[in-house]
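Below is one structure, written out as structure tokens; comments come after it.
The values are calculated or read from the model by the stated rules, or taken from the named source; none is laboratory data. Bear in mind that the values here come from a model prediction, so they are computed numbers and not experimental data. With ideal geometry, Cβ positions are generated from the backbone for all residues, glycine too; neighbour counts draw on all protein chains shown. Quick note on the areas: whole protein, heavy atoms, side chains included, nothing else; ligands and nucleic acids left out. Shrake-Rupley method; radii C 1.70, N 1.55, O 1.52, S 1.80 Å.
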Amino acid sequence: MFKIPTAFARPVDSPSTNTGAVASSNSQGTWEKGTDQGNKFRDVGFAILYYIQLIIVIALAGVYGPEVFEDEDGEEDTDVENDSVYGYIYVAAILGAVTIALTALVFSTMTRIANTLIKFSLILSCVLAGVVALALLASGSILGGVIGLIFFAIMLCYARAVWPRIPFATANLVTAITAIRTNWGVVLVSFLMLIVSFGLTFIQAIAVAGVSKIKESCKTDEVTGEEECTNSGGAAIFFLLICYFWTQQVMKNTIHVTVAGTVGTWWVAPNEASTCCSKAVNDSFCRATTYSFGSICYGSLIVAILETIKAVVRSARNEEDGILLCLIDCILGCIEQLVEYFNKWAYIYVGLYGYSYCEAGKNVINLFRARGWDAIIADDLVDNALFFVCFSIGLVIGALGEGLYQATKDDWFENAATFDGANFLLGFLVGLFLSAILMSAISSATNAVIVLFAEAPAEFDRNHNQLSTEMRNAWLQVYPGCI
């Protein structure tokens, strides 16, 4: 059993109150301040359920997986030449190393260019919307062009409305980056969870392929002579899809909760969060994977079920499209986005205080009622800027990948099956996903900063006075008199 970070072993006092558990925020209402929930397992049933499904998936992969690697005669399929993939492995390894170095370089400069980065990403979004609209008009698609122009006008209105909030978003981003830089271990946790996710995805893919092959039956039509195949494993595949999406959500939210706990400790007790693999990082990760793991599984399961149903609906649309399926797909997508957005904030409270999933959700709703939804606009601005960074790194690494291919195609790709742009695509994906690991940690830290600034501004001012002053000044520019 580990010890919970002392930063959250007591209620966090707000400057607006000296005692009590209710903090007043503004004229819009009040919310109950977060308090540490102690070493107690939360939502245990969902953690047990997650481990049960994981055991089932591994068992299915072990029983039916060998069928995937056998040909029709029951012999192991060895037709693929190993030499054909070596070139891609070499290139991916090189591009991965370059991506990590480039991302670290960008990260080291982000505090100095945060304001410019947010502004540029916002302007670029408007420019791209305008370019798409003009391209549609130029291609003769009048309806598409008109819709594009409407979207372009909406983007301009949005940019004009949120422009005054950029200083506050900048202050949030700089604070989040400072916390991550001080506790670099959260990035290592992110990489660890990525490796685990890849391994579990591979096992799940084998299980799905094995079950599909076992449940498939084919017969030849006596009239046409064509072979018709049917698969009776629909229910099993649906279950495995839920397992896949559930695992991806659990991995992502575990990182989110770990980052939130680490930033929270850095916020009120920086002496416990001042090194790469600090006590804050270790304790927050342990808490996320033990006491709060059930809460993580709870919210993740809701999203996983929605994603699975949406995948089934989209599969049905591919076979027989219709307005009803289109509407269902759209509604499911909206519900999924709302639940994911809710989860993102609920898990901040899970990481900071160890609440159960439902208790954390209640705190989120109360905080939003008290602070107002406008305060959260900074989160969107930061996420847009971080995506722009990932996309730019992806383009650079993609170009490098194509250059490596041109330089080594006679040696590394002599026997490889490839197509034009294959290595650019490989590089783009490597750059995008690897850089997204760091950027997702920064995004989680930004969310934690927004909540902590609402709940514990006094501790922030005492422990990080310069950053606190910058955030207060930026906040007052948007909401004069609120502090």
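Could you calculate the contour length gain from Asn473 to Leu188, that is, 0.36 nm times the residue separation minus the distance between their Cα atoms, to one decimal place in nm?
99.3 nm
Kirkwood hydrodynamic radius (Cα pairs, Å) of region 158-201?
12.9
Once R0 is set to 45 Å, what does the formula 1/(1 + (r/R0)^6) return for the Cβ-Cβ distance between Lys409 and Thr35, expressed as a FRET efficiency to the nearest 0.05?
So, using R0 = 45 Å, E works out to roughly 0.15.
At Phe198 and Cys276, where each label point lies 7 Å from the Cα along Cα→Cβ, what is the point-to-point distance in nanometres?
2.0
Compute the length gained on full extension between Ile55 and Arg112: take 0.36 nm times their separation in residues and subtract their Cα-Cα distance, giving the result in nm to one decimal.
Separation in residues times 0.36 nm, less the Cα-Cα distance, equals 15.8 nm.
Per residue, how much accessible area does region 121-200 have with a 1.4 Å probe, in Å²?
49
How large is the accessible surface of Tyr86 in square angstrom, using a 1.4 angstrom probe and rounding to the nearest 10?
Accessible surface of Tyr86 is approximately 100 Å².
Suppose R0 equals 51 Å. What FRET efficiency, 1/(1 + (r/R0)^6) with r the Cβ-Cβ distance, do Thr289 and Ser125 give to the nearest 0.05?
So the FRET efficiency works out to roughly 0.90.
Set the Förster distance to 35 Å, then compute FRET efficiency between Cys358 and Leu143 from the Cβ-Cβ distance, nearest 0.05.
The computed FRET efficiency comes out at 0.20.
Is region 92-203 rounded, prolate or oblate when judged by the Cα gyration tensor, a ≥ b ≥ c being the square roots of its eigenvalues, rounded requiring a/c under 1.5 and prolate requiring a/b larger than b/c?
Note, shape of region 92-203 comes out oblate.
How much accessible surface does Glu459 have with a 1.4 Å probe, in Å² rounded to 10?
20
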